[in-house]
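Worksheet for the structure shown next.
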Amino acid sequence: AQCMKFDTKFFFLVLLPPLIFEAGYTLHPSTFFQNSDAIATFAFCGSLTSAISIGLLMYGFGALGVSYAFSLKSCMLFGALISSTDPVTTLSIFSENPISEDLHAIILGESVLNDAVTIVFFESLLLGIGNAAGDITALDVLQSDDAFLPLILQTVGIFVLAFGQATLIGIITGCVSALLHKHVNATNYFHEGWVVDSTVVLLFPYISYSLAEAFELSGIVSVLFTGIVMGRYTRP
């Protein structure tokens, strides 16, 4: 039984980065950014709406006695957890059944970016509610307009900062890759140099992902933008 145990660290640190990188590497940047309004709507508004709706429904059923009565904080945390979609499944389905580039960009962008949204929302709930208002109830929310206002502002601020930092790490890593391969080409120096060049290319997605995760940011967002930049500038 022990040999069949799946190591989640192996999945997140070894298998996931190249899958997301390949999606960004083969993605047409113009198609992705032309649909940025739809991607942002689904990823940001859609993810938050889903998380909050699930949390409130779960709390309401508990208050009515239909299900176990969790606290509002616990319900909102569960809503944030369950609202994140899996980009790996999406990519595997698209590889077997190709679709239009616009639809591919929208679904891929939403599935990747909502990871960052739900992570920040979850962490803000975990820290913000506990520090600012304790384990509040629905009655506290109705009686005080300030109960969730600091949390909402904190969530938006943390998300903008975390998303921007993860994107910046991805872009900088991709630019470093392009500059390195522009000035250093091992293939020109010895016959098997292409192996070195190919290996170096594969290292950059892991560098980007590891840096973002080390700073407690979204590695998926970071490696996606690394793939987009490398597909445009490193590939030539």
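Between Leu15 and Val88, the distance separating the two model label sites (each 7 Å from Cα on the Cα→Cβ line) works out to 0.4 nm. Mean residue ellipticity at 222 nm, helices only, the chain: -21500 deg cm²/dmol; runs of at least 4 DSSP H residues each add -39,500 (n - 2.57), and the sum is divided by the number of residues. Annotation for Thr8 and Val196: the two label points, set 7 Å from Cα along the Cα-Cβ direction, are 4.0 nm apart. Between the stretch 23-39 and the stretch 177-198, the alpha-carbon centres lie 29 Å apart.
Rounded to 0.05, the FRET efficiency of the Asn185 and Asp37 pair, given R0 = 41 Å and the Cβ-Cβ distance, is 0.55. Projecting label points 7 angstrom from Cα along Cα→Cβ for Ala214 and Leu103 puts them 4.1 nm apart.
Quantify, in whole percent, the carbon and sulfur part of the accessible surface of the chain (1.4 Å probe; protein heavy atoms only). Intermediate results must be reported in sequence, preceding the final value.
Values: 9280 of 13560 Å².
Using a 1.4 Å probe with all protein chains present, the chain comes out at 68 percent carbon and sulfur.
Using the 1.4 Å probe convention, the accessible area of the chain works out to 57 Å² per residue with neighbouring protein chains retained.
The protection proxy used here, the mean number of other Cβ atoms lying within 10 Å of each residue, ranks peptides 181-187, 222-228, 33-39, 208-214 as follows, highest first: 222-228, 208-214, 33-39, 181-187. Convex hull of alpha carbon positions in the stretch 1-122: directionally averaged projected area 10.2 nm².
Between Leu91, Leu81, Leu57, the Gaussian network model of the chain with springs among Cα atoms under 10 angstrom shows the greatest mean-square fluctuation at Leu57.
The values are calculated or read from the model by the stated rules, or taken from the named source; none is laboratory data. These numbers come from a predicted model, not from an experiment. So basically every Cβ, Gly included, is an ideal-geometry build from the backbone, and we count neighbours across all protein chains shown. Areas reflect the complete protein model, heavy atoms only, side chains present, ligands, DNA and RNA absent. Shrake-Rupley method; radii C 1.70, N 1.55, O 1.52, S 1.80 Å.
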